[in-house]
Each structure stands twice: as C-alpha cells, then as structure tokens.
Amino acid sequence: MNPPRKRLLFVCYANACRSQMAEGFARELAFPGLEVESAGLMAAGLFSDTVASMAEVGIDISGQRSKTVAEFDLNTFDRIVTLSDRAFGQLHRRYPELRLEHHPVLDPAGAEGGREERMKIFNLTREDVRGVVLEVLTELVQMPKRA
C-alpha cells in the first residue's frame, strides 16, 4: 500500500532565497509521498548566491525556478510555511481561511559587501532554513492526511 501523499509549500517574498533553500532541503530530506514546492508573492528569479550556498552542503537547486503563489491552488497543500513576515501578512489578508505556519527567517537578499561577506549571510540563512525544514518535516510525518 502506498503512503498517503502530502503537499508542502514554502513561501517567502520573492522566491529567490529562503523558500528556494527550503524547497531544496525538503526535497533532499523528503519521505516517500511528499510533494514539495516553493513560491513567493512575486518571482524575482533564483539568486546565484542561493544556489552557491546550497551547493556548499551538497544540494543542487540550480534546476529550480522562481514561482508566485498565484501559480498554485493553495487549498491543495497540507502545510503552507511562510518564511517572511511580508508573505505571512499578505497571504493571511488575501486568504484568511488558510492555515499558515509562520517561521520568519532573515532575508539574505540585501546582503552587501564582497562575495565572502554575502556568503556568510546566505549561509546563516541556509542553516536557519534547514532547522525550519527539519522541524516541519518531523511534524508532517506525524500529521494525519487531510480530509
């Protein structure tokens, strides 16, 4: 018997850094039957520093693409995890019926300085995102299938 399918969506502002990292980690760590997506309130494109940060831990997200929440039927997800205050606020206002799980994480997109300084910020965010993903996946394994 196949395990029940579950759908998980990570959302941040621009789907360029945090939610892309979360999608990469969740796909890498996913249990059978888990479908993982990421999206933003807008689609800014996948940042090269995001790809580089994830590559440092052996996860290739270069094939992922930046998407908006408008591309999905949000009601089909078992779990929607917001990683930015802006994403949480706007989704909550637009779709008050949705149950959102909010885990704000520092946005590395504004990191300044040379490559080394920027990568330090991206890597700090990456580790925060990894923690969120591990927590969400642990809870999702124990969650009953939605009706």
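The values are calculated or read from the model by the stated rules, or taken from the named source; none is laboratory data. Just so you know, these numbers come straight off a predicted model, no measurement behind them. Cβ sites come from the backbone with ideal geometry, for glycine too, and all protein chains shown count toward neighbours.
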Of the residues in the range 67-95, those that are assigned to a helix (DSSP H, G or I) and either among the acidic types (Asp, Glu) or out of contact with any strand residue (DSSP E or B) (no Cβ under 7 Å at 6 or more places or on another chain) (or both) come to 70, 71, 75, 85, 86, 89, 90, 93, 94
In the range 22-50, anything under 19 Å from residue 7 (Cβ atoms) and assigned to a helix (DSSP H, G or I) is listed as 22, 23, 24, 25, 26, 27, 28, 29
Across the range 55-99, the tally of residues that are in contact with a Phe, Trp or Tyr (Cβ under 8 Å, 6 or more places away or on another chain) and either small (Gly, Ala, Ser) or closer than 19 Å to residue 111 by Cα (or both) stands at 4
When the residues of the range 83-105 are filtered to those that are closer than 14 Å to residue 16 by Cα and in contact with a Leu (Cβ under 7 Å, 6 or more places away or on another chain), which remaining residue is surrounded by the most Cβ atoms within 10 Å (Cβ to Cβ)? 87
Every residue from the range 120-147 that is at pLDDT 90 or above, within 19 Å of the chain's Cα centre (by Cα), farther than 11 Å from residue 50 by Cα and of a type outside the set (A, V, I, L, M): 127, 128, 130, 131, 135, 138
Kindly indicate whether any position in the range 28-47 is within 19 Å of residue 120 (Cα to Cα) and without any contact (Cβ under 8 Å) to a residue 60 or more places away in the chain. yes
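To keep it simple, each residue is scored yes or no on (1) modelled with pLDDT of 95 or more; (2) on the phi > 0 side of the Ramachandran plot; (3) in a loop (DSSP other than H, G, I, E, B); (4) crowded, with 18+ Cβ neighbours inside 10 Å.
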site: 15; (1), (2), (3), (4): yes, yes, yes, yes
site: 53; (1), (2), (3), (4): yes, no, no, yes
site: 61; (1), (2), (3), (4): yes, no, yes, yes
site: 65; (1), (2), (3), (4): yes, no, yes, no
Taking the range 67-82, which residues are buried (at least 19 other Cβ atoms within 10 Å of the Cβ) and polar (S, T, N, Q)? 82
Tell me, yes or no, whether the range 105-114 has at least one residue that is modelled with pLDDT of 95 or more, outside any loop (DSSP other than H, G, I, E, B) and farther than 11 Å from residue 11 by Cβ. yes
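Evaluate the following for residue 66: is it under 18 Å from residue 132 (Cα atoms) and among the polar types (S, T, N, Q)?
no
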Under the condition of being charged (D, E, K, R) and surrounded by 14 or more Cβ atoms within 10 Å (Cβ to Cβ), which residue from the range 106-119 is nearest to the chain's Cα centre (by Cα)? 107
